[in-house]
Amino acid sequence: MSALRRLGWTPVLCGVPLVAVVACAALGSWLVPDATRQDMALGVVKAGSAGHLLGTDKLGRDIFQLSIAGARSAVVGPVCIAIGSMVLGVLLGTLAGYRGGWLDIGLSKYADLLLAMPTTLVALVVAGLVGGGYWVTVAVLMVLFSPTDIRLVRSAVMTQVTRPYIESAKVLGLADRRIMFRHILPNVAPVALATMLLNVAFALVGMSALSFLGLGVGPGEPDWGRQLSDARKLLVANPAAVIAPGALIIVTAAAINLLGDWVQERAERSARQR
């Protein structure tokens with residue numbers, strides 16, 4: 001109880017749904033191997049029917065099984081987007097904050113340009129032009145999400161550069177690369193981690209929106225956004241077909257957001273104590 005009191009309830013309350021979602025993403029193909037099996041003769045069945053906890057859609061697919069199987073595409077892509085944008089943000093933001101000068105100006109303008117663009121619309125246009133599938137959409141969003149990481153890491157690095165331990169490292173003749181990635185980076189890592197968690201939530205919503213519009217996963221593949229799109233006309237026949245994926249998106253994104261805020265608060269508190 002003492003450890004729980006020190007951590008607070010936020011990581012526990014957020015961790016329960018996130019662990020369940022990650023378990024479904026990792027074990028979905030084993031838990032529900034026939035999630036996409038169609039039964040046209042069965043048609044739409046309401047939630048609570050025998051053998052179908054959340055009912056079925058117009059193709060006779062079980063909504064509960066689809067929701068479990070859809071966790072993989074709904075989670076893997078956003079996590080890859082957040083990690084990729086964090087890597088870009090750490091590399092470019094560290095260079096911009098440490099080097100300064102024309103490199104800082106160029107990278108800052110690059111970040112400002114991307115931030116001015118509507119992320120979902122740009123991803124929709126680019127993925128549509130290149131005939132993109134799931135991973136093309138992930139790559140596009142990875143680039144579009146990186147400016148926030150670049151700016152935050154750059155700002156954090158600039159506050160570290162003026163501190164005495166960096167001046168001492170320069171006097172000792174340490175290489176710039178070692179100073180940046182061995183001395184400065186550990187001090188800005190909590191900021192990058194907190195931003196990565198927030199980006200997972202934003203990417204989850206973004207990927208679900210693109211899947212709803214017909215990009216990302218292919219037709220018939222399990223995905224929460226695709227489920228919402230396919231079940232739009234089932235609000236009367238089987239409301240659970242729409243409510244289940246929508247609730248999963250909201251709960252997962254909210255839990256990740258709250259966990260990201262908690263990590264950021266802890267990082268800021270530790271920084272003040274140091």
Sole exception among (1) among the polar types (S, T, N, Q); (2) exposed (fewer than 12 other Cβ atoms within 10 Å of the Cβ); (3) closer than 17 Å to LEU213 by Cβ for SER168, by number: (3)
Lone qualifier among LEU185, LEU144 - being touching a helix residue (DSSP H, G or I) at 6+ places or on another chain (Cβ under 9 Å) and closer than 10 Å to THR94 by Cβ: LEU185
Search result, residues across the stretch 10-58 that are touching a residue at least 40 places away in the same chain (Cβ under 8 Å) and not in a helix (DSSP H, G or I): ALA35, THR36, VAL44, VAL45, LYS46, ALA47, LEU54, GLY55, THR56, ASP57, LYS58
Qualifying residue in the stretch 107-115 (condition: in a helix (DSSP H, G or I), among the aromatic types (Phe, Trp, Tyr) and either surrounded by fewer than 16 Cβ atoms within 10 Å (Cβ to Cβ) or at positive phi (or both)): yes
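Wholly within the stretch 133-229, which helices (runs of 4 or more DSSP H) include no fewer than the required count, namely at least 2 residues that are more than 29 Å from GLY77 (Cα to Cα) and small (Gly, Ala, Ser)?
Numbers: elements: 134-161, 164-171, 185-212.
Correct list: 164-171.
Since every read-out is calculated from the coordinates, none of them should be taken as a lab result. What you see is a predicted model; the values in this text were computed from it and never measured. Glycine also receives a Cβ, built like all others from the backbone with ideal geometry; neighbour counts cover every protein chain displayed.
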